[in-house]
1. Exactly one of (1) crowded, with 22+ Cβ neighbours inside 10 Å; (2) under 24 Å from residue 550 (Cβ atoms); (3) at pLDDT below 95 is unmet by residue 456. Its number?
2. Filter region 259-282 down to residues that are open to solvent by 30 Å² or more (accessible area, probe 1.4 Å), within 19 Å of residue 206 (Cβ to Cβ) and not basic (Lys, Arg), then give me how many there are.
3. For region 219-257, enumerate the residues that are of a type in the set (A, V, I, L, M), open to solvent by 40 Å² or more (accessible area, probe 1.4 Å) and in a loop (DSSP other than H, G, I, E, B).
4. From the list 199, 164, which one is modelled with pLDDT under 85 and touching a Leu at 6+ places or on another chain (Cβ under 7 Å)?
5. Does residue 511 fit the bill of being over 18 Å from the mean Cα position of the chain (by Cα), farther than 17 Å from residue 573 by Cβ and open to solvent by 30 Å² or more (accessible area, probe 1.4 Å)?
6. Could we say that residue 235 is over 22 Å from the mean Cα position of the chain (by Cα) and either among the hydroxyl-bearing types (Ser, Thr, Tyr) or on the phi > 0 side of the Ramachandran plot (or both) here?
7. Among the residues of region 202-222, what is the count of those that are under 15 Å from the mean Cα position of the chain (by Cα), modelled with pLDDT of 85 or more and among the small types (Gly, Ala, Ser)?
Amino acid sequence: MGSTLGDILVREKILSPDQLRSAQEFQRKHEVSLASSIIALGLTSAEEMAQGLSRQLGYPYIDLDQFDVYPDVISLVAVDAAKKYMIMPIHRIRSFLTLAMVDPTDLDVIEDVRFRTGLSIQPVIASESGISNAINKYYGVSHAVRPKSSVEDIALADDSKISIIEEAKEDFDVQDESGPPADEAPIITLVNSIFVEAIKKGASDVHFEPYEKSFRIRYRIDGILYETMNLPMKYKNPVLSRVKIVANMNIAEKRLPQDGRLKMRVKLEKGRKDVDMRVSSLPTIFGEKIVARLLDRENLQIDLTKLGFEAESLELFRKAITRPWGIVLVTGPTGSGKTNTLYSAISTLNAMEKNIMTAEDPVEFYMPGINQVNIRDEIDLTFGAALRAFLRQDPDIMLVGEMRDSETVDTAIKAALTGHLVFSTVHTNDASSTVHRLLNMNVEPFLIADSVVLIVAQRLVRKVCSRCGVPQKMPARVLTDLGFSAEEAGSVQVVQGRGCELCNNTGYKGRTALFEVLEVTPAVKDLILQRGQSKDIKRKAIEQGMITLRRSGLIKIKAGITSIEEVIRETIKD
């Protein structure tokens with residue numbers, strides 16, 4: 001194995017000598033491996049390179065998607081080493097470890113793994129994308145909790161300390177308790193580890209999913225679900241029961257959906273951190289699926305200038321929320337950041353002289369100085385009932401979690417027409433179709449025209465990783481089909497993330513919002529009074545300068561904030 005990767009690829013006529021020199025220059029400049037440099041420059045495909053190496057070196061070429069790797073094999077190589085060297089352990093027989101590698105000519109890597117594991121290394125060849133996918137699958141997206149091979153391993157794990165904070169009690173430290181039986185302690189540690197890793201990664205949700213022959217744990221990070229663990233079935237019932245216990249749910253009831261909540265204090269390297277969790281269980285054919293939503297105050301962005309508003313749209317929004325009366329509506333699907341936008345608005349307005357009241361289902365974040373009410377339909381504390389009660393509490397500003405029925409809409413309109421500022425949400429596809437949603441709730445057009453002052457539609461898109469994002473020139477036709485003008489298409493450079501350790505090899509890190517802000521101007525009011533169609537209202541708003549969701553996305557593509565794929569996924573062409 002005296003030849004290097006570059007020599008072999010030139011000998012196989014996969015690369016020319018000039019191409020190899022270009023790749024080596026790219027490698028030195030960007031401090032990445034030669035294999036990554038060749039792929040990044042598009043000199044050959046990962047598959048062709050792997051097969052060429054296989055022919056020259058005589059090592060087998062394998063498709064990692066066809067392999068199932070056991071947890072005890074994964075644990076032999078740390079995730080940091082797997083990502084650094086682009087390697088994947090796949091099989092062990094006695095003192096021999098089969099190791100999938102992109103570049104098996106790298107003797108330093110083989111020697112390092114041999115030293116770390118104490119095993120003889122048998123290389124096989126796999127593509128870089130195959131190894132990257134396998135790392136994400138088996139190790140998790142980034143430093144994930146790896147499936148422990150036994151309950152004993154979990155019991156010995158050194159996880160961060162967690163305290164469950166209960167309203168009526170002092171802090172309750174899970175790990176300091178002397179109460180749990182010995183066979184329960186490993187499960188407590190495992191559940192703690194799952195939540196700690198989710199918090200470290202910035203996950204918004206943790207999914208516990210039982211299937212016929214597997215028990216899967218997934219994290220939602222930046223709006224995308226990633227599998228982080230796949231546990232043996234024997235863990236299913238104890239793990240689900242533990243989650244239900246800490247969320248104050250009835251562990252005996254497995255036939256009906258339940259909701260719970262807990263506040264968790266986690267000891268991390270940077271200090272202690274408090275995180276609220278909203279927990280929901282749903283009976284499925286193979287057991288209860290539980291989803292825990294992590295509500296991290298540190299991730300709540302309440303600065304209006306950092307939400308993603310374009311300057312013109314932000315000016316309209318600020319103008320509307322400082323009015324003495326009227327209704328401001330925010331619309332979009334579940335998980336599109338509506339709550340964050342509304343919290344930002346009322347946080348901006350929060351002052352000693354203002355009486356601000358909110359009705360939410362449930363309250364996601366507690367905000368000092370604001371009176372927040374949890375909706376409870378089972379005792380008839382509905383949005384409509386809460387709103388009527390608010391009007392007897394001398395309010396200045398009211399936030400209603402959702403306008404989901406005619407009663408709530410009627411009360412909100414009456415409040416707006418009698419000198420109150422009302423914020424709420426509606427589930428519609430864009431700003432202009434919100435008018436027809438209200439009409440479908442049997443609201444008279446003149447009431448909509450007189451009370452609603454602004455409608456905001458929004459979507460969340462992932463941001464291109466700031467570390468590994470590189471400009472890419474796209475064909476002008478692709479850009480014009482997307483919505484750019486011919487003039488813009490000639491100058492736009494699209495930024496695409498290559499994938500790195502910071503972004504967990506996804507090319508994206510963090511999210512921003514696309515906004516469509518429709519001001520109810522006199523011209524728009526006339527169309528509402530005439531029961532005009534949504535497309536006519538939208539056309540008129542665009543004529544008056546409204547930035548649509550797609551246009552907001554194009555602006556962010558042009559600024560290098562997000563990618564074409566993200567904008568296409570969340571918007572349609574105007």
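The values are calculated or read from the model by the stated rules, or taken from the named source; none is laboratory data. What you see is a predicted model; the values in this text were computed from it and never measured. Because the Cβ atoms are built from the backbone with ideal geometry, glycine has one as well, and the counts that use them run over all protein chains shown. These accessible areas exclude ligands, DNA and RNA; they are computed on the full protein's heavy atoms, side chains included. Shrake-Rupley method; radii C 1.70, N 1.55, O 1.52, S 1.80 Å.
1. So the condition that residue 456 fails would be (3).
2. 5
3. 251, 252, 256, listed by residue number.
4. On the way: 199 fails: modelled with pLDDT under 85.
The conditions single out 164.
5. No.
6. Details: over 22 Å from the mean Cα position of the chain (by Cα): yes; either among the hydroxyl-bearing types (Ser, Thr, Tyr) or on the phi > 0 side of the Ramachandran plot (or both): yes.
So residue 235 fits the description; yes.
7. Matching residues across region 202-222 total 2.
This table checks each residue for (1) of a type in the set (Gly, Ala, Ser); (2) touching a Leu at 6+ places or on another chain (Cβ under 6 Å); (3) on the phi > 0 side of the Ramachandran plot; (4) surrounded by fewer than 16 Cβ atoms within 10 Å (Cβ to Cβ).
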residue	(1), (2), (3), (4)
78	yes, no, no, yes
84	no, no, no, yes
87	no, yes, no, no
115	no, no, no, yes
119	no, yes, no, no
125	no, yes, no, no
131	no, no, no, no
135	no, no, no, no
